[in-house]
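Right, one structure below, let's go through it.
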Amino acid sequence: MKAIILAAGRGQRLRPITDNVPKCLVPVNGRPILEYQLSALSRSGITKCVIVVGYLASQIEQRFGRRYGGMDISYVVNQDFSSTNNIYSLWLARHEVDDDILLLEADLLFDAGIIADLINARLLDTAVLDDFDPSMDGTVVIGRDNQAVSMVLKAKQMGDFDYSGALKTVNIYIFSKATMNGSILPCVGDYISSGHRNEFYEAVIADLIDRGDLTLGIHRTEGRLWREIDTPSDLITAEVDFKEVDL
C-alpha cells in the first residue's frame, strides 16, 4: 500500500502563520503537522509515500527529504497551486497509483491508531468518518449499514439540510488500485478536461456514489481524536487537545 498526501495549498485561512511557511509545516506543540502524519504512516507499516506539494514546496522537500522512518518519500509538484484545488493535485499524482492507496490531506492531526485500524482491518474503498456535531464544517456522508448512501459537499448543504443522520469526513480514505484506476481517476480526468480544476476531489467521490459506480465503506473513528487545522483557532484547539496524546 502507498500513501498519497495532498499538501499543495496555500493555507490562506491560517495567515499570517502561513505567509512564510507551508500549512503542513505549521508546528503543533513543537512538531510540524506533516511530521505527525509521516510518523503515523511509518508506524503502521507504510513503506512508500507520495506528497503533492505546491506552495513553498522546497521547504517541505528540504524538511523531510527522500526518506522518513523507514518510508520512501517522493514528491509531485503542483505548479498551479494558486489557481487549482485538491482535485488537480490528485490528478497530478495519477501516475503514482501503482498500488492500493491511502489518501489523506496534509492539514490533519490525528491519533495514529486511525491509520493502524484501517490497515489492520484490511479495509479498501473506505472513508474514515466521525459523528457530526454543529461545530464541524465541510463534507458529510449519509450512511446505511456501514456503507455511504451519499456524500454531500458543503456547497450543497442548504439551509434546510438534515444533519441528523450525517457523518463527518475526516479526509482519510483508503482505495484499491483497481478502484483508483478504474473509477476515481477517470472521473477526475473528466473534471479536469472540462476545466474543473478548482474543485474538491470529494465531488468526484460524491458523483460516483450517486451513479452507483462506487461502493464506499464507512470506518468510524470510534472516539479516536482528530482535528483538521484550517484557522488559528483550530491550531490553538489542536495544541490543547493533543498535548498529552501519544501521536
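Assuming R0 = 45 Å, what is the FRET efficiency of Gln62 and Thr215, from their Cβ-Cβ distance, to the nearest 0.05?
0.65
Please list, by residue number, every one of the trypsin sites (Lys or Arg not before Pro) in region 25-116 that is coil in DSSP and has at most 14 other beta-carbon atoms within 10 Å.
When the trypsin sites (Lys or Arg not before Pro) of region 25-116 are filtered for loop state and at most 14 Cβ neighbours within 10 Å, Arg66 remain.
Take the alpha carbon atoms of region 204-219, find their center, do the same for region 30-67, and report the distance between the two centers in whole angstrom.
Computed from Cα coordinates, the inter-centre distance equals 28 Å.
Is region 1-112 best put as rounded, prolate or oblate by its Cα gyration tensor, with a ≥ b ≥ c the root eigenvalues, rounded for a/c under 1.5, and otherwise prolate when a/b is larger than b/c, oblate when not?
Here region 1-112 falls in the oblate category.
Roughly speaking, to the nearest percent, how much of region 6-81's 1.4 Å accessible area is carbon and sulfur?
About 45 percent, which is the carbon plus sulfur part of the accessible surface.
Compute and list, largest first, the equivalent-ellipsoid semi-axes of the chain from the alpha carbon gyration tensor, each √(5λ) rounded to a whole angstrom.
Over the Cα atoms of the chain, the ellipsoid semi-axes are 25, 21, 19 Å.
Using +1 at the C-beta of Lys and Arg and -1 at the C-beta of Asp and Glu, which of Phe110, Leu123, Val53 has the Cα lying farthest in the positive direction of the dipole of region 40-167?
The Cα lying farthest towards the positive end belongs to Val53.
Set the Förster distance to 25 Å, then compute FRET efficiency between Asp145 and Lys177 from the Cβ-Cβ distance, nearest 0.05.
0.45
For the chain, report the accessible area per residue in Å² (1.4 Å probe, heavy atoms, rounded to an integer).
I get 45 Å² per residue for this part.
Given the DSSP H assignment, sum -39500 (n - 2.57) over each helix run of at least 4 residues in the chain and divide by its residue total; what's the result at 222 nm in deg cm²/dmol, nearest 500?
It lands at -7000 deg cm²/dmol.
Hey, got the dipole for region 34-145? About the Cα centre, +1 on K and R Cβ, -1 on D and E Cβ, debye to the nearest 20?
Around 480 debye, computed over region 34-145.
At a 1.4 Å probe, what is the % contribution of carbon and sulfur to the accessible area of region 143-207?
48
Length gain on complete extension for the stretch Asp207 to Asp98, per 0.36 nm per residue less the alpha carbon to alpha carbon distance?
Here the answer is 36.9 nm.
Between Asp190 and Leu124, what length in nm is gained on full extension when 0.36 nm per residue of separation is reduced by their alpha carbon distance?
21.4 nm
The values are calculated or read from the model by the stated rules, or taken from the named source; none is laboratory data. Fair warning: this is a prediction, and the values are worked out from it, not measured in the lab. Using ideal geometry, Cβ is built from the backbone for each residue, glycine included, and neighbour counts are taken over all protein chains shown. With ligands, DNA and RNA removed, areas are computed over all heavy atoms of the protein, side chains included. Shrake-Rupley method; radii C 1.70, N 1.55, O 1.52, S 1.80 Å.
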